[in-house]
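Each remark here refers to the structure printed beneath this line.
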Amino acid sequence: MVRPFVVIQRPPLKIHKRTPPRSTRCRWASVVAIRSLLATFCLFATSVAAGDTDGLGVVRAIEQQFVDVIARCEGAVVSIARNKRTVGDPRWRGNPLRRGRPVDRPIDLTSLPAAFGSGVIIATEATGDGRFVLTNYHVLQPEADPHGTAAREPVTVRLSNHRVVRAAVIAADPRSDLAVLRLDLSGSGINPADVQPIPLGDATDIRKGQFVLALGNPYAIARDGSASASWGLISNISRRAAGEGDDSSAAQTGETIHELGTLLHVDTRLSLGTSGGALVNLDGELVGLTTSLAALEGYEKSVGFAIPIDAAMRRVIGSLLKGYEVEYGFLGIHPGDVRPDELRMRGGPVDQISAARAIFVAAGSPAAQGGLRGDDLILRINDEPVLNAEDLMREIGLLGPGATATIDVWRPSNRRNLRAEVALGKWPVLDDSRIVSTNRRYPSWRGIDVDYPTARRRFLTSDVMERYHHAVLVLSVADGTAAHEAGLRPGDFVTHVANVAVETPQQFHGAVGGLTEAVTLTRLDGTRVEIPPPTE
């Protein structure tokens, strides 16, 4: 059986960290790097200030810019803590921070937070006076809690003004490794206007070599509320975090969407606790959320990554701010890679080195409805190059359900270029117990909640890739309601409301909207269920 185009969801991104031996050569390499950087500044000074013998003035100007940006942004960076462990806990033995102050008791020196990290205060016009904290999902989700209950508990947030407030998670998404908390300022005496959010930038056009500053809470030392700062360059874009080894096939299992290559690679040292911190440009705008580090064997320095604040992540953040489950796009194919020699053999375009291949297209799926066929070679999606299956899965997933994907295809059977317009479905969720959402996109109708037919993997049969269901999935039916008494159950697929065909939640709610009489729902097997109006 061909496996479906589903990225299987695993626990949050793990950090594989090995501690290599420190060596004199490594320390000397760091010194050489610093000297090289200073030399670069001096050369820069010579090139931009011809005739100016004071090259140090340019360096000082750059330094002042860094200082000014940090001063503007650090007030929006917070430290986050969950629970505590005493120093007697075996996990903290030998920890050099065991004498540090705990998060919320400035005198007690006997405890440390069990989970800690960073966060960034954000707000939009739609949120009004509300103040929210954007952070990483894994900051709230300890490894010992695989079912996500910890992410639903209140957390402690320390602001830059030393004040400590509580915050509750309003939405958290393991697939993007993002979460949003609402600050509880009631009774704190803190005016929301005094809690300034950071302006959101746009990482869409970010380039290698740009200067960035990172602000966060390394090793939980920001107990006075003051974020620590570091700086560096954008080393690369569209990276995926390196795990144990570097097997590209492992990325397709989909630990997060970032395993498919979304991350910014920065040369800034991002130590434990800086996850959820701010990556800002020289204009003081948030262009990334620092998310992970990986110390590779044989190297002393850590490799830093950040989630870019681009259009795709803004969509994710917008859903989280509303308390919604984050949704991802679904095409309905089983993808594979096409190597350069295979692309040439199939007569593909000479201006593209590789592509993705539709090994199999499910009947009735969004891909099939858009005209795609098995063995089609996918070259671009919305003008973004597709070089392999990971590119395909990433670009489709980030668009979200209901979005239209413009797909450029090479069809080897007739050696033609085609362009398909595909309305996407919803990427299945393997384990929704780890998703935190506090609001519904659509209200319950007579005790029934519905979603896209592929919304939950547990309700899909093994033939999902053979035939796509043109129906809505019943996610839940409230006990004691007329729908439950009539025999409707979670996992049922509804194809019609009365005589109106439905296959998206929007279509379902459009069909039932305003109906006050009994309504007949037709299930996938052709049976009908009559749902009477609710009794007063």
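Just a few scattered comments:
- R0 of 25 Å, Cβ-Cβ distance Ala423-Arg373: FRET efficiency to nearest 0.05: 0.90
- Rounded if a/c under 1.5, otherwise prolate or oblate - the range 442-531, Cα gyration tensor axes: prolate
- The slack in the chain from Arg344 to Ala501, taken as 0.36 nm per residue of separation less the alpha-carbon distance, amounts to 52.1 nm.
- If the segment from Arg60 to Arg163 were pulled out straight at 0.36 nm per residue, it would be longer than the present Cα-Cα gap by 33.7 nm.
- Measuring r between the beta carbons of Ser186 and Ser238 and using R0 = 25 Å, the FRET efficiency lands at 0.05.
- Sites Arg441 and Val67, calculated FRET efficiency, Cβ-Cβ separation with R0 41 Å, nearest 0.05: 0.40
- Counting all C-alpha pairs of the range 332-423, share separated by more than 15 Å (%): 53
- Label-point separation, Ala363 to Arg314 (7 Å along Cα→Cβ), nm: 4.2
- For the range 151-211, the spherically averaged projection of the C-alpha convex hull amounts to 6.4 nm².
The numbers here are math on the coordinates, done by the rules we state, and not lab data. Keep in mind the model is a prediction, meaning the values are calculated, not measured. Neighbour counts run over all protein chains shown; Cβ positions are idealised from the backbone, glycine included.
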